[in-house]
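S.K.: Here it is: the structure, laid out below.
The values are calculated or read from the model by the stated rules, or taken from the named source; none is laboratory data. Please read these numbers as outputs of a predicted model, since none were measured by experiment. Here Cβ is always computed from backbone atoms with ideal geometry, including for glycine, and neighbour counts include all displayed protein chains. To get the accessible areas, we keep the full protein, side chains included, count just its heavy atoms, and leave off ligands, DNA and RNA. Shrake-Rupley method; radii C 1.70, N 1.55, O 1.52, S 1.80 Å.
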Amino acid sequence: MIKSILNKSGIEYIDIIGRAKNITSFKDKISRKKYKNLFDIKDLCGIRIICSFPKEVKETENILQKNFKISANKDQEINISPYKFWYRSHHFEVQLSDKQITKKNYKFLKHYIAEIQVRTVFMNAWAVMEHKINYKHEWNTSHETKRKLSRLSALLELADEQLEELSKKY
């Protein structure tokens, strides 16, 4: 559905990756967060949209807001201190619109919420590697490793800006 919406809108993207939460992760989250209701879990289904440039991230966000019910919109870049470089991504918790539910006969999905992450290639590369190196082991990651990850984040943010600037010339 998302591919169709973006294609009809003329939005360019590199990839759309989807996943359902695996059973082990699902059980762990229920236990950790003490969920009482299945509908409280906001990321049973996760979708990541990978774009080439930051402007495409913004365009994709606008299309998502026009086509889905958005219950939460978290721009991770806004929360970063100007003196720190770290995780950059745009997260949405979405539900199908009433029109989509009726049109496609998806009534059974009415109460479910999915998480959609929208990132550039560089945002995604950094997030994937940071997750492997630090996120799962943060209590055991050295200060030096965290500083290196921060410096890499800065370089990739600069790469995003420079490539977008270059793309405007061609």
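S.K.: I want the local charge near Arg88. Using Cβ-Cβ distances under 15 Å, sum +1 for each Lys or Arg and -1 for each Asp or Glu among the other residues.
M.R.: -2
S.K.: Please report how many Lys pairs in segment 94-170 have alpha carbons closer than 27 angstrom, counting only residues at least 8 apart along the chain or sitting on separate chains.
M.R.: 6
S.K.: Right, here's the next one. For labels at Ser9 and Ser142 in the simple 7 Å Cα→Cβ model, what's the distance in nm?
M.R.: Placing both labels 7 Å along Cα→Cβ, they lie 4.4 nm apart.
S.K.: What is the spin-label model distance, in nm, from Leu158 to Ser81 if the labels are put 7 Å beyond Cα along the C-beta direction?
M.R.: 2.1
S.K.: Tally up the carbon and sulfur contribution to the accessible surface of segment 27-75 as a whole percent, 1.4 Å probe, everything protein left in place.
M.R.: Carbon with sulfur: 50 percent of the solvent-accessible area.
S.K.: Turning to a different aspect of this structure: Could you work out the helix-only [θ] at 222 nm for the chain, with each DSSP H run of four or more residues adding -39,500 (n - 2.57) and the total divided by the number of residues, to the nearest 500 deg cm²/dmol?
M.R.: After summing the helix terms and dividing by the residues of the chain, the value is -14500 deg cm²/dmol.
S.K.: How large is the Rg to Rh ratio of segment 1-95 when both quantities use alpha carbon positions and Rh follows Kirkwood?
M.R.: 1.01
S.K.: What order, most packed first, do the peptides 155-163, 52-60 have when packing is the mean number of other Cβ atoms within 10 Å of each residue?
M.R.: Top to bottom by mean Cβ count within 10 Å: 52-60, 155-163.
S.K.: Further question on the same structure: Equivalent-ellipsoid semi-axes (√(5λ), Cα gyration tensor) for the chain, whole Å, largest first?
M.R.: Values for the chain, descending: 29, 24, 12 Å.
S.K.: At 0.36 nm per residue, and after removing the present C-alpha to C-alpha distance, how many nm does the segment from Tyr35 to Met129 gain when stretched out fully?
M.R.: Contour length minus Cα-Cα distance gives 30.9 nm.
S.K.: Give me D for segment 111-155 in µm² s⁻¹, whole number, from Stokes-Einstein with Rh from the Kirkwood sum over alpha-carbon pairs, 25 °C and 0.890 mPa s.
M.R.: Rounded, D is 206 µm²/s.
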